[in-house]
Amino acid sequence: MKEVKVNGNFYVKVYEKKDEEEYLEMRKSPMIKRTSGFDTLRYQPLTEAISVLLVVEKDEDAEIPVGYAVLHNLDDKEYQKSVSKVYGIEINAKYFVGDFMIAQSYRRGGIGKHFMEYVINDYCKEESLMMNPNEEDALFWHSVGFAFVGTNKKNGMRVN
């Protein structure tokens, strides 16, 4: 598992298929079970095409889960078609954000923006990245560089 400092006491932990054992331990940990909003993460599998990025706040005594992102690598065109079908939009990008969450108490503090900047600039290395936001979150996604595809907002948002 790779760990990267993104801002102050905030770090991103990158879990890929090769890190599955560590990932399963993290999913079962009391810190994840007690953190509100992390229910989906407890059931999210890792595959060759799916990575999970966890953002935590660290101090001398503890690590506090702050948020996470589930990213799909769409190099395999058949997998890309199946993800498009699941989300109901035509996906034409190398990466797709399947899920993104920042804990309620950390919102509007800038950590979500720093986290997505890491995802876009470092993890995805400025490759095309797409997602399908709900209406309430579109303003946040626009602030980190996403724009709607097409004119009807039903085609998702993308960066690059």
### Message
Considering only residues that are open to solvent by 40 Å² or more (accessible area, probe 1.4 Å) and modelled with pLDDT of 70 or more, which ones fall in segment 127-136?
### Response
GLU127, ASN132
### Query
Filter segment 41-74 for residues that are surrounded by fewer than 22 Cβ atoms within 10 Å (Cβ to Cβ) and small (Gly, Ala, Ser); which is farthest from ILE120 (Cα to Cα)?
ALA62
### Message
If LYS77 satisfies all but one of (1) under 16 Å from the mean Cα position of the chain (by Cα); (2) open to solvent by 30 Å² or more (accessible area, probe 1.4 Å), what's the number of the condition it fails?
### Response
(1)
### Query
If you go through segment 22-60 one residue at a time, how many are within 22 Å of LYS5 (Cα to Cα), out of contact with any helix residue (DSSP H, G or I) (no Cβ under 7 Å at 6 or more places or on another chain) and among the charged types (D, E, K, R)?
6
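Scan segment 80-109 for residues that are open to solvent by 30 Å² or more (accessible area, probe 1.4 Å) and in contact (Cβ under 8 Å) with a residue 24 or more places away in the chain and jot them down.
Within segment 80-109, the subset open to solvent by 30 Å² or more (accessible area, probe 1.4 Å) is 81-82, 85-88, 90, 92, 94, 99-100, 104-109.
Within segment 80-109, TYR87, GLY88, GLU90, ASN92, LYS94, ASP99, PHE100, GLN104, TYR106 meet the criteria.
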### Query
Which one of the conditions (1) over 14 Å from MET131 (Cβ atoms); (2) in a helix (DSSP H, G or I) does GLY67 fail to meet, given that it meets all the rest?
(2)
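The values are calculated or read from the model by the stated rules, or taken from the named source; none is laboratory data. All figures in this text were calculated on a predicted structure; none of them were measured in a lab. Note: ideal-geometry Cβ built from the backbone for every residue, glycine included; neighbour counts use all protein chains shown. Just so you know, the surface numbers come from the protein's heavy atoms only, side chains and all, with ligands and any DNA or RNA stripped out. Shrake-Rupley method; radii C 1.70, N 1.55, O 1.52, S 1.80 Å.
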